[in-house]
Structure formats: structure tokens, C-alpha cells
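Rule-based calculations on the coordinates, nothing more; no lab input. Just so we're clear, the structure is a prediction, and the values are computed from it rather than from any experiment. Glycine gets a Cβ as well: all are built from the backbone with ideal geometry, and neighbour counts include every protein chain shown.
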Amino acid sequence: MMIRHWMLVLVIAIGFCSLALSLTSPTVAQDCPDGQMRVNGVCGDASPTSLTAGWNKIEPGGETACAHDTPYAYWVRPGTSNHLLVYFQGGGGCWDADTCRDTGEEFNGFYDSAITDQDDPKWSQGMLDFDHPQNPFADYTVVYIPVCTGDIHWGDNIHTYADAQEGDVTIHFKGYVNAAAAIDWAYTNLAAPDSVFVTGCSAGSAGSIYHTPYIIEHYPNTPVYQLG
């Protein structure tokens, strides 16, 4: 029997990110044929050999959705090594009609509720600045998982909050489903990475904590590190 090796480092923190706000429109619906996804706006193959260098936007469709049933997307940056970085974006949360209400803006003061161009990690700095000569993750394949559901990447439910005065609010708590779709890209395309580093900030820290045990279970012979 092969010995299962892994390391789980848990640090609760709210760093590692900056929250970008935007008033741009949500992504268009993903309506590709079976077996394809919308990659950089075009239906096709999402395997690493088909992706461009740098960041690639992937709309998985299926059961994924943002808070108000707009399309979900994640980003992948193919690497040159056999190492994987999974990054969970932060973006607040909501818990009742007032905090979950759709105001027509991506950020309503409590949480991000849609995927927009401002979620593109090309705007990111720090550990996601791959032009920095000292970035230790420069050659990693990166799966960048935005949040747009107000549920810290944990949810799988559609819930209606009653509000007799301003109207009921129905929200798609699909953070778990969205994150699982993004992580499944890694499972499909990196069968046995040399290592996996899972991290995030704010709400993304909570997401990284929740999903890391599943990643460890999927890669039983790969060192898995978690920081968030």
C-alpha cells in the first residue's frame, strides 16, 4: 500500500487580496455543445494544450451560477511545471434579504454577486504577479476561483428570504458547486501533480479551508499545502 503523504498548514487570515469593485455587465451565458466550455468567449476545448499562455477565462455552465442566476466563470493559467496553485478569491457574504438584495451592482456593500471583467486575475499583484522574478509560483498551473454567491465558497442551495416591505429576495448559494467545477478542471487535467498549494483571502480563506480536505482526498499521494 502506498503511504499517503500530505501537509496541511492552516492559518486564518484576511490578507492576500484586494477587493475590486465594478459596475460592468455580468458574463454572457455559457451555451456550448456537450463536452465543450466557453473558453475566452468561444466554445471549445479547455485542456491545457488548447489554452493560451497567461490567464484563460472558462465558463463551465451546468449547475454553476452566481447569486442572482447570472453565469459563473473561473480562470486558469497553464504552468510549465507539474505543480498546482488553487486560489480562492474573497468577496464578502450575505445572510438575509437586506444583505443579499440585488442592487444592480456587482458589489452591494456586503458581497460580490456577479462575475465581471474586474474579476480577471490579470489585475492581481503579490503571489499572482507572475512577472515578478522572485515569485515562487511562477511556473505553477493556477486555478483562480472567484466568488459571486455570498456563501464563502461553501453553498449548494437556492433560498428565498421573505421581505414584506421591499420584496422577497431569492439567492443562488452555489459557491460549493462553482468551486467544485473549477477544481474539477484540475482533476481532469493534472492527474498527479508534484504538489498542490491551496490558498485564498477573506471569504476565500474560508473557501480554501473547506475545499482542501477534498483536494487531499483526490490526490492521496501528493503533498497538499493550505494557507489562508
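I want to verify a result. In a Gaussian network model of the chain, Cα cutoff 10 Å, which of these has the top mean-square fluctuation: Y74, Y187, Y111? Greatest mean-square fluctuation among the candidates belongs to Y187. When you restrict to C-alpha pairs under 8 Å that are six or more residues apart and normalise by the size of segment 37-227, the relative contact order lands at 26 percent.
Just to be sure I understand: of the beta bridges DSSP finds with both ends in the chain, what percent are antiparallel, rounded to 5?
Working: 19 of 34 bridges.
About 55 percent, rounded to the nearest 5.
Packing around the peptides 50-62, 81-93, taken as the average count of other Cβ atoms within 10 Å per residue, puts them in this order, highest first: 81-93, 50-62.
Distance from the Cα centre of segment 27-67 to that of segment 171-228, in angstrom? If we compute the Cα centre of each part, the gap is 19 Å. The packing ranking of peptides 122-128, 97-103, highest mean first, is 97-103, 122-128, where packing means the average number of other beta carbon atoms within 10 angstrom of each residue.
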